[in-house]
């Protein structure tokens, strides 16, 4: 009877130290600024592994151009293998690495269970170091999951720009243009074929073109820009786009004093080309990223009705005009 007490106590003590959830073994986690914290990574490993201890010993995530590349080391010694993952955001890369580690942990647990059934200790040790996944050099692309900018993925931009449009007699129409934009990833598997389309509404203040007639003009129009050529370049998320541009709206002229003058509106239309450069701020692990941009272009006036004050021609728009803009917005990947 005296010998049973210590044995029961030993069994109870052993039960208390059995882990009930998956954990990472002394995880060495290295990542750039803006990536998930170590605690978040370990929590993701536990959640993915479904109660099985992860073999992940090291996770390293680094910046690679305008994307992220990560590596997870599984196991130790002769059984050590590595897996690589690339993606647009650090969070997507870390999540994919946790999934890889979970698949490895579950496969390793199944191999160990099979070895116990065979009652072969040596065979169990050998199979515990194996993994049924692909060779260590194989890359896992996180862009196939939630990360944006893979083939066919959509990116939405919203913002407002301030612009200037050259006009008659050296004057410039200055205004604002709120916009919405849709951009795709590598549409044809080519890095510079990232098409986009933008719709803007342009509203200008008044510009005086004739001091003797006190003639003032303002423009209200809609602008559609289709950009078949676009690409992300550099490590700071710089995007360049070349666009075809069309515009249609109303040009309004006011002449004379407000109390005894006149106001006329004419159909306004232009067509031409433009280029745009956008700087996307560093990834903040947020669903919305701020951006600034600058652009410019040359357009031809398609509708150039003259305005008259009495018998005198007040103004006629030139054939060719230039436009320039700066803007601020947000991008939703």
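All of the numbers you see were taken from the coordinates with simple rules; none came from a lab. Computed from a predicted model, the values in this text were never measured in an experiment. Cβ sites come from the backbone with ideal geometry, for glycine too, and all protein chains shown count toward neighbours.
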Between residue 264 and residue 229, 0.36 nm times their residue separation minus their Cα-Cα distance comes to what? 8.7 nm
For residue 206 paired with residue 324, estimate the spin-label separation in nm (one decimal), with each label point 7 Å from Cα along the Cα-to-Cβ line. 2.6
